[in-house]
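Asks: Before anything else, here's the structure in question.
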Amino acid sequence: MYKLIASDLDETLLGTDHRICQRNLEAIRAAREMGVRFVAASGRGHRSISRELAALGILDVPGEYCIAFNGGVLAGNVGPTPFKSVTLPWEHADGLWRYGTMRNLCTHVYTIDDVVYVYNYVPEERAYVGSRMHVIETHERGLDFLRGTSLVKVLFMDLDPARLRAIHEDLGTLAADLDVSYSARRYIEFNPAGVNKGAGLLALAAHLGIDPSDTIAIGDGPNDIPMIRAAGLGACVANAYDEVKAASTYICQADNNAGGVAEVIERFVLE
C-alpha cells in the first residue's frame, strides 16, 4: 500500500483558476482518512503555499510536511521554520542575477524566508504571480543588497521556451554546478547542485520512515521529473510536458482542471 503522495501544485493539483477542484479535495481527504500522507511539492516557497495547505486541511497540523523551492526546503506545516534547507551560494546567485538584469530578463531571487525580489517585473508576470507570493520589485543590478541573506533559488521568466533553452546554453559555466529545471512553460530555475524535488521526496520519506517504493509522485513540468522517477509510482496529469509523460509510469486521462491528481489516487490508493 502506498503511504505517501507528493504532488506538484501549479498546473498539477491546481486548475487554471489556481484552486483545487472538488474531485481532488475529496480524493485527498479519503486517502488521508486511510492514513496516507499527502505532501505538496512545489517550486514555490513554504509560506507562499499556505492557502493551498489550508484548503487541504493540513496547514498548522502537526506531523504534516511540504517540499518547497524544488526540494531546497523541507518544512513542517506548523510554523515558518524549515527542518532542512539547502541555500544557493551568494556568488552563484549574484552571478545569475547580474546575467539576467544586464539582459533585462524578468529575474527572480528567492530568500529562505519566502520573499521574492523581482527585476523587470513585466505585466505578464504580475498577472501570473498575482498575490500568491510576497514579491518586492527591485531595480538593483547586483545582489549586494541581499548579501548575508540566505538565498535558495534564482529563475528567469520568458514565455518563449526556445529563448529559455538558448539562455541555458549561453550561461555556460554560470550554471555548470547548479541543478537547472524548467517549469510552468515560462521559467528556467536554478537551485544548488543536487537540489530537486526527487531528492526532496527521498529525504522526506527517509525522515518519515517510509520506503521510496511506497511513495507516489504526480506532476506536470520538467522540474517534477526527478520526483516522478524517484517515487515508487510516478504519474503525470494529461496536460504534462511530453518529456514528463515519457518519464511517468502512469499518464492521467484528466488534466489539472478535471482532477488528474484524484484520478491517480482513485486508481492506485482508494481502489
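The values are calculated or read from the model by the stated rules, or taken from the named source; none is laboratory data. Just so you know, these numbers come straight off a predicted model, no measurement behind them. Reconstructed Cβ throughout: ideal geometry from the backbone, glycine too, with neighbour counts over all protein chains shown.
Asks: Any residue in segment 193-202 that is out of contact with any Pro (no Cβ under 9 Å at 6 or more places or on another chain) and either part of a helix (DSSP H, G or I) or more than 28 Å from Asn77 (Cβ to Cβ) (or both)? Please lay out each step first, then the result.
Replies: From segment 193-202, those out of contact with any Pro (no Cβ under 9 Å at 6 or more places or on another chain) are 193-195; that's our starting set.
Still in the list and also either part of a helix (DSSP H, G or I) or more than 28 Å from Asn77 (Cβ to Cβ) (or both): none.
Looking for residues that are out of contact with any Pro (no Cβ under 9 Å at 6 or more places or on another chain) and either part of a helix (DSSP H, G or I) or more than 28 Å from Asn77 (Cβ to Cβ) (or both), one finds none in segment 193-202, hence no.
Asks: Please determine whether any residue of segment 217-234 is closer than 11 Å to Leu4 by Cβ, surrounded by 20 or more Cβ atoms within 10 Å (Cβ to Cβ) and small (Gly, Ala, Ser).
Replies: Yes: one or more hits.
Asks: For the structure I just gave you, tell me whether Val195 is over 27 Å from Met1 (Cβ atoms) and either out of contact with any Cys (no Cβ under 9 Å at 6 or more places or on another chain) or not hydroxyl-bearing (Ser, Thr, Tyr) (or both). It would help to see each step written out before you state the result.
Replies: Working: over 27 Å from Met1 (Cβ atoms): yes; either out of contact with any Cys (no Cβ under 9 Å at 6 or more places or on another chain) or not hydroxyl-bearing (Ser, Thr, Tyr) (or both): yes.
When the stated conditions are applied, Val195 passes them.
Asks: Which members of segment 124-178 meet the condition of being surrounded by 12 or more Cβ atoms within 10 Å (Cβ to Cβ), among the basic types (Lys, Arg) and in a loop (DSSP other than H, G, I, E, B)?
Replies: Of everything in segment 124-178, those that are surrounded by 12 or more Cβ atoms within 10 Å (Cβ to Cβ), among the basic types (Lys, Arg) and in a loop (DSSP other than H, G, I, E, B) turn out to be Arg132, Arg141.
Asks: Filter segment 1-24 down to the residues that are assigned to a helix (DSSP H, G or I) and on the phi > 0 side of the Ramachandran plot and list them by number. Step through it out loud before you land on a result.
Replies: Within segment 1-24, the first condition is being assigned to a helix (DSSP H, G or I), and the residues that meet it are 9-13, 22-24.
Hit for segment 1-24 is Glu11, nothing else.
Asks: Counting only residues that are buried (at least 24 other Cβ atoms within 10 Å of the Cβ), more than 18 Å from the chain's Cα centre (by Cα) and in a loop (DSSP other than H, G, I, E, B), how many does segment 235-262 have?
Replies: So the count comes out to 2.
Asks: Within segment 92-123, which residues are within 16 Å of Ile167 (Cβ to Cβ), part of a helix (DSSP H, G or I) and among the charged types (D, E, K, R)?
Replies: Arg98
Asks: Give the number of residues within segment 40-64 that are surrounded by 24 or more Cβ atoms within 10 Å (Cβ to Cβ) and among the hydroxyl-bearing types (Ser, Thr, Tyr).
Replies: Count: 1.
Asks: Taking interchain pairs and intrachain pairs at least six residues apart, which have beta carbon atoms under 7 angstrom, with the first residue in segment 49-66 and more than 17 Å from Ala31 (Cα to Cα) and the second among the hydroxyl-bearing types (Ser, Thr, Tyr) and in a loop (DSSP other than H, G, I, E, B)?
Replies: Hits for this filter: Ile49/Ser42.
Asks: Let me ask something else. Given the criteria closer than 16 Å to Ile216 by Cα, assigned to a helix (DSSP H, G or I), touching a residue at least 40 places away in the same chain (Cβ under 8 Å) and touching a strand residue (DSSP E or B) at 6+ places or on another chain (Cβ under 8 Å), does Ala27 qualify?
Replies: Details: closer than 16 Å to Ile216 by Cα: yes; assigned to a helix (DSSP H, G or I): yes; touching a residue at least 40 places away in the same chain (Cβ under 8 Å): yes; touching a strand residue (DSSP E or B) at 6+ places or on another chain (Cβ under 8 Å): no.
Judged against the criteria, Ala27 is not a match.
Asks: Got a sec? Which of Gly72, Gly45, Gly35, Gly100 is more than 16 Å from the chain's Cα centre (by Cα), in the same structural domain as Leu14 (by TED's automatic domain parsing) and in contact (Cβ under 8 Å) with a residue 24 or more places away in the chain? Quick ask: steps written out before the conclusion?
Replies: Values: Gly72 fails: more than 16 Å from the chain's Cα centre (by Cα); Gly45 fails: more than 16 Å from the chain's Cα centre (by Cα); Gly100 fails: in the same structural domain as Leu14 (by TED's automatic domain parsing).
Every option except Gly35 fails the conditions.
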